[in-house]
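Undergrad: Just dropping this structure here.
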Amino acid sequence: MNYYIYLHGFASSPQSAKARDISERFAKIPLKLKIPDLNAGDFSQLTITRQLTQVAAEFPDDSAPVTLIGSSLGGLTSAHLAEKYAQVQRLVLLAPAFGFLSHWLPKLGDEEIQRWQREKYLMIHHYGEGRSLPLSYDFLTDAAEYQEDMLQRPIPTLILHGKQDEVIPITASREFARSRPWVELIELDSDHALGNVMAEIWQAIHLFCQLP
């Protein structure tokens, strides 16, 4: 039996529009989709390492195969989980945050990054909470440890990415797929939220995961 887990994005929650949409579609089949809250009650101490540990703890004990569906930073986390755990047999990545520090940090600017390092916390708008919350500088130092060139395990991978993505440019997914023949990239006419293409995304997931 396959086990399905959805990983939401950075400063998001299990209540995000994408998470709810995909969860409802799974319920109709009906198949169970687990959606852990990666904020874990303390967004300020979030790191990719913490997400990896938290999600791995959700894997079934009977070594049943796991399919991960990850959005943005959840997509990046999913890819690193698949590298680390043989139990992950399939990946669906929605606008995965490959190279996200190289896209995000220039937007923050050097001054802001230095202030973050000095003061240890930076206020981040949390979409799931609808307010600004502090994030520890540890998030940055931890994230720098996770590079895409580490991701070499050949498992069936489907990437769905919007051509007008303003957060993670589609070139990030193109570059990732180019040197990995086991990766299929579907380019969509959408932005980072992918809100206007959820029906297309579901169709692609349904086919790729061979869902009932």
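The values are calculated or read from the model by the stated rules, or taken from the named source; none is laboratory data. Small disclaimer: the values here were computed from a predicted structure and weren't measured. As a convention, Cβ positions derive from the backbone with ideal geometry for all residues, glycine included, and neighbour counts pool all protein chains shown.
Undergrad: So, D62, is that one under 29 Å from I170 (Cα atoms), in a loop (DSSP other than H, G, I, E, B) and of a type in the set (D, E, K, R) or not?
TA: On the way: under 29 Å from I170 (Cα atoms): no; in a loop (DSSP other than H, G, I, E, B): yes; of a type in the set (D, E, K, R): yes.
No; evaluated as a whole, the condition is false for this residue.
Undergrad: Of the residues A56, A40, only one is more than 14 Å from the chain's Cα centre (by Cα), surrounded by fewer than 17 Cβ atoms within 10 Å (Cβ to Cβ), modelled with pLDDT of 95 or more and closer than 22 Å to I124 by Cα; which?
TA: Details: A56 fails: closer than 22 Å to I124 by Cα.
None of the other options fit; the residue is A40.
Undergrad: Additional query: Could you tell me whether E112 is under 20 Å from the mean Cα position of the chain (by Cα) and of a type in the set (D, E)? Quick ask: steps written out before the conclusion?
TA: Numbers: under 20 Å from the mean Cα position of the chain (by Cα): no; of a type in the set (D, E): yes.
Judged against the criteria, E112 is not a match.
Undergrad: Checking the conditions here, which among G128, G74 is in contact with a helix residue (DSSP H, G or I) (Cβ under 9 Å, 6 or more places away or on another chain), under 19 Å from V55 (Cβ atoms), small (G, A, S) and assigned to a loop (DSSP other than H, G, I, E, B)? So that I can check it myself, show each step before the final result.
TA: Numbers: G74 fails: assigned to a loop (DSSP other than H, G, I, E, B).
It is G128.
Undergrad: Moving to a separate point now. Within the stretch 161-192, can you find the residues that are β-branched (V, I, T), within 19 Å of Q203 (Cα to Cα) and buried (at least 17 other Cβ atoms within 10 Å of the Cβ)? Let's see the steps before the verdict.
TA: Start the filter on the stretch 161-192 by keeping residues that are β-branched (V, I, T), which leaves 167-168, 170-171, 183, 186.
Applying the additional criterion that residues be within 19 Å of Q203 (Cα to Cα) yields 183, 186.
Within the stretch 161-192, V183 is the sole residue that qualifies.
Undergrad: With the condition kept exactly as written, say whether any residue in the stretch 87-96 is in contact with a helix residue (DSSP H, G or I) (Cβ under 9 Å, 6 or more places away or on another chain), over 24 Å from Q203 (Cα atoms) and in contact (Cβ under 8 Å) with a residue 40 or more places away in the chain.
TA: no
Undergrad: Is there a residue being in a strand (DSSP E or B), among the hydrophobic types (A, V, I, L, M, F, W, C) and surrounded by 16 or more Cβ atoms within 10 Å (Cβ to Cβ) anywhere in the stretch 95-111?
TA: Step one: filter the stretch 95-111 for residues in a strand (DSSP E or B), giving none.
No, there is no match, as no residue in the stretch 95-111 is in a strand (DSSP E or B), among the hydrophobic types (A, V, I, L, M, F, W, C) and surrounded by 16 or more Cβ atoms within 10 Å (Cβ to Cβ).
Undergrad: Take the residues of the stretch 1-15 that are crowded, with 20+ Cβ neighbours inside 10 Å and hydroxyl-bearing (S, T, Y): which is farthest from I29 (Cα to Cα)?
TA: Looking at the filtered set, the residue picked out is S12.
Undergrad: Return yes when V167 is touching a His at 6+ places or on another chain (Cβ under 6 Å) and of a type in the set (A, V, I, L, M, F, W, C) and no when it is not.
TA: On the way: touching a His at 6+ places or on another chain (Cβ under 6 Å): yes; of a type in the set (A, V, I, L, M, F, W, C): yes.
In short, yes.
Undergrad: Considering the stretch 137-149 alone, what residues qualify as being closer than 15 Å to G75 by Cα, surrounded by fewer than 17 Cβ atoms within 10 Å (Cβ to Cβ) and at pLDDT 95 or above?
TA: Result: no residue meets the conditions.
Undergrad: Can you run down the residue pairs with Cβ atoms below 6 Å, 6 or more apart or on separate chains, where the first is in the stretch 182-205 and of a type in the set (S, T, Y) and the partner is crowded, with 20+ Cβ neighbours inside 10 Å?
TA: S190/G162
Undergrad: Quick one: would you say I69 is buried (at least 22 other Cβ atoms within 10 Å of the Cβ) and either modelled with pLDDT of 95 or more or under 23 Å from T171 (Cβ atoms) (or both)?
TA: Numbers: buried (at least 22 other Cβ atoms within 10 Å of the Cβ): yes; either modelled with pLDDT of 95 or more or under 23 Å from T171 (Cβ atoms) (or both): yes.
The answer is yes for I69.
Undergrad: To continue, here is another question. Look at Q89 and say whether it is part of a helix (DSSP H, G or I), of a type in the set (S, T, N, Q) and either surrounded by fewer than 16 Cβ atoms within 10 Å (Cβ to Cβ) or out of contact with any strand residue (DSSP E or B) (no Cβ under 6 Å at 6 or more places or on another chain) (or both). Spell out how you get there, then give the answer.
TA: Working: part of a helix (DSSP H, G or I): no; of a type in the set (S, T, N, Q): yes; either surrounded by fewer than 16 Cβ atoms within 10 Å (Cβ to Cβ) or out of contact with any strand residue (DSSP E or B) (no Cβ under 6 Å at 6 or more places or on another chain) (or both): yes.
Taking the combined requirement at face value, the residue does not satisfy it.
Per-residue answers, yes or no, for (1) out of contact with any Lys or Arg (no Cβ under 7 Å at 6 or more places or on another chain); (2) among the aromatic types (F, W, Y):
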residue: N2; (1), (2): yes, no
residue: S13; (1), (2): yes, no
residue: R20; (1), (2): yes, no
residue: I35; (1), (2): yes, no
residue: S71; (1), (2): no, no
residue: F98; (1), (2): yes, yes
residue: H103; (1), (2): yes, no
residue: E119; (1), (2): yes, no
